[in-house]
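The values are calculated or read from the model by the stated rules, or taken from the named source; none is laboratory data. Computed from a predicted structure; not experimentally measured. Glycine gets a Cβ as well: all are built from the backbone with ideal geometry, and neighbour counts include every protein chain shown. Each accessible area value is taken on the protein alone, full model and side chains, heavy atoms only, with ligands, DNA and RNA left out. Shrake-Rupley method; radii C 1.70, N 1.55, O 1.52, S 1.80 Å.
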Amino acid sequence: MLSPLVLVPMSLGLLSLLLFGMSWFEQRVLSPKAVILHAARSRQASPEHVEKLVARQSERLLHGLSLSPAERAERTPAV
């Protein structure tokens with residue numbers, strides 16, 4: 001059986017790997033930029049649909065940037 005001294009670094013490494021993977025997934029797959037690029041590259045999406053999606057996403061992002069940090073904290077739902 002593995003000693004506890006080996007299990008501690010292994011668990012920390014596993015947690016680090018998990019956090020890195022979640023961060024990568026969030027930035028590369030779930031980000032507004034990734035969603036817009038996927039919609040633009042999709043062969044079934046019409047140009048009007050992509051244009052509406054880009055307008056909605058950019059409007060939401062710009063509105064979020066115009067808020068103060070206190071207002072942004074109020075708008076985010078408590079988990």
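Below, the figures for the structure above:
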| item | result |
| --- | --- |
| Accessible area, probe 1.4 Å, largest first, for residues Arg60, Arg43 | Arg43, Arg60 |
| Whole-number D in µm² s⁻¹ for the chain, Kirkwood Cα-pair radius fed into Stokes-Einstein, 37 °C, 0.692 mPa s | 203 µm²/s |
| Gaussian network model of the chain, Cα within-10 Å springs - most flexible of Pro69, Pro47, Pro32 | Pro69 |
| Accessible surface of the chain [probe 1.4 Å, protein heavy atoms]: carbon and sulfur percent | 67 percent |
| DSSP H segments from the chain that extend 30 Å or more along their own axis, Cα-based, with Kyte-Doolittle mean of 1.0 or above | 4-28 |
| Relative packing of 19-28, 48-57, which averages over residues the other C-beta atoms within 10 Å, highest first | 48-57, 19-28 |
